[in-house]
1. Which one of PHE364, PHE389, PHE414, PHE351 is among the aromatic types (Phe, Trp, Tyr) and modelled with pLDDT of 90 or more?
2. Take ALA457 and tell me if it is more than 20 Å from ASP35 (Cα to Cα), modelled with pLDDT under 80 and among the aliphatic types (A, V, I, L, M).
3. Could you say whether any residue in segment 239-259 is in contact with a Phe, Trp or Tyr (Cβ under 8 Å, 6 or more places away or on another chain), over 22 Å from ASN331 (Cβ atoms) and of a type in the set (Asp, Glu)?
4. Would you pick out the residues in segment 140-149 that are under 17 Å from SER187 (Cα atoms) and either modelled with pLDDT of 95 or more or not in a loop (DSSP other than H, G, I, E, B) (or both)?
5. Taking segment 278-289 only, how many residues are part of a strand (DSSP E or B) and either modelled with pLDDT under 95 or surrounded by fewer than 13 Cβ atoms within 10 Å (Cβ to Cβ) (or both)?
6. With the condition kept exactly as written, say whether any residue in segment 142-157 is of a type in the set (A, V, I, L, M), in contact with a Phe, Trp or Tyr (Cβ under 6 Å, 6 or more places away or on another chain) and surrounded by 14 or more Cβ atoms within 10 Å (Cβ to Cβ).
7. Just name the residue that is modelled with the lowest pLDDT out of those in segment 161-184 that are assigned to a loop (DSSP other than H, G, I, E, B) and surrounded by fewer than 23 Cβ atoms within 10 Å (Cβ to Cβ).
Amino acid sequence: MKLKITQIYLSLFLACFSFFVMNGQDVPLLPHDLDPAFTSPFANDFATEAYCVAVQPDGKIIVSGAFTTGIGNNNGGLVRLNEDGSLNQEFTIFSSGNINALLILPDGKIVVGGIFTIGSAQYCIARLNADGSLDETFTPVASNSAFADTVFSMALQSDGKIVAGGSFEHINGIATANLVRINTNGSVDTTLNLTEGAGTTGFSSTVNSVAVLPDGKILALGSFNYFSAISAKSIARLNADGSLDTTFTTGFDNNSELHSIHVKADGKLLVGGYFVNYNGVPITCLASLNTNGTLDTTFNVGGSGAIGLIRAIAVDAQGKILIGGSLFSYNGQPRISFAKLNSDGTLDDSFNHYTTGTAYYNGFMADVNSEVRSIALQGDGKILAAGHFNKYKSTTMVNVARLMGGEVLSTDTFAKNKVSYYPNPVNDKLYINSADVVTGVKIVSLTGQAVMEITTASGLDAINVTNLQAGCYVVHATTESGTANFKIIKE
């Protein structure tokens, strides 16, 4: 059955529809495919690089990095994109410089970290309104311009304070080497006391990543070997007052360098960077640690691990692990700049962007030194990746891309379950046909909000969607054989 799509809905259809037609049948795009509704606004300029990507509550996308050209003019290393990847022209440009870190606050405001100028002064942290203008209730945090002090990572505490790590010795004139906590008004929180041991303050070298645990303790990762003259190689856990938590052990050596962390729901830590062992146990670039810092030996059992450097880690709604960086392979399989793993650390073979016999290993490629530096997940399960690249597989896609993500069923699975649905676009009733009884339907907006959920043992064949607002939605239809996921357009 062919659907008549009026011109008024054509752009909406192209932006939302995640299937292509093959031999007269709807074929779902695979999780590792590019989202055809998204186009990067970056020009193929080797000098540009994206460092961070984040999603605002309204679905718009914030991208930061080192770019002043190649994506419009005078953007100062920070831009906002519409959902299709086009530049949002309503976003205010507040500064110039490099923005290395982003936080989207619950109220929609944006905290930026890096090294940038506002007027003629140099700063490393500022808070913006949702439209990009400076938040006048927050005093920008000054850095020492003589030493190019830089913030690389930030994390939000439950009380609204911000923990920031980077490469600096003083913040707002206060000695606090490479880690600082900022009050909600922009002042330094002096209750975080990093002085221990011989009286030195803070970390001996750069802090690349920080995280705040539910109990208020702080994790810091980087290239340091000491915390206030106490041995702490590459990772340390601090108490809320800034003292070293000595119940947390570490097994990295002097040559290790950590760049990324994800705290799992069970409290275990996924850490990434460059390293080749942990307490003498061979393990490369990605490790799972128990809550006390010991190695989680159940992770990636028997696997050779990652080759390269891991800069970004994310975990999706199914518990699958996404890693990005200067990556070449994982467990012996080619994976360029990006890979998807099962929750136990083994490679997810269903997410394979490598094609045998091609000139490249596909994935995210660049003329020189491609890498994915940041990963963000949208509410609909799609994956945003930002970094330094100019193509994905054979398609030109510069510095920021969106993949379909999720657990989209393959063509064979759709055929096996004989799942079909119509009409699309839909106005009032959506009909779902399946060889198995449909026992549940959940409809989710593209921001991840469940707008309708129905469960019944007697089966469903028609869903009344009259009350849904016009737009794109993801439908999860549950049968005895599994869950079919597809997108619809509500007129």
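1. PHE389
2. For ALA457, the condition - more than 20 Å from ASP35 (Cα to Cα), modelled with pLDDT under 80 and among the aliphatic types (A, V, I, L, M) - is met.
3. There is at least one residue in segment 239-259 that is in contact with a Phe, Trp or Tyr (Cβ under 8 Å, 6 or more places away or on another chain), over 22 Å from ASN331 (Cβ atoms) and of a type in the set (Asp, Glu).
4. VAL141, ALA142
5. Residues in segment 278-289 being part of a strand (DSSP E or B) and either modelled with pLDDT under 95 or surrounded by fewer than 13 Cβ atoms within 10 Å (Cβ to Cβ) (or both): 2 in total.
6. yes
7. Per the criteria, the residue is GLY173.
Yes/no matrix, rows are residues, columns are (1) in a loop (DSSP other than H, G, I, E, B); (2) at pLDDT 95 or above; (3) among the hydrophobic types (A, V, I, L, M, F, W, C):
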position: GLY108; (1), (2), (3): yes, no, no
position: PHE116; (1), (2), (3): no, no, yes
position: CYS124; (1), (2), (3): no, no, yes
position: ALA130; (1), (2), (3): yes, no, yes
position: THR137; (1), (2), (3): yes, yes, no
position: VAL151; (1), (2), (3): no, yes, yes
position: ASP159; (1), (2), (3): yes, yes, no
position: GLY186; (1), (2), (3): yes, yes, no
position: GLY199; (1), (2), (3): yes, no, no
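The values are calculated or read from the model by the stated rules, or taken from the named source; none is laboratory data. Quantities reported herein were computed from a predicted structural model and do not represent experimental measurements. Positions of Cβ are generated from backbone atoms using ideal geometry, with glycine treated the same way; all protein chains shown enter the neighbour counts.
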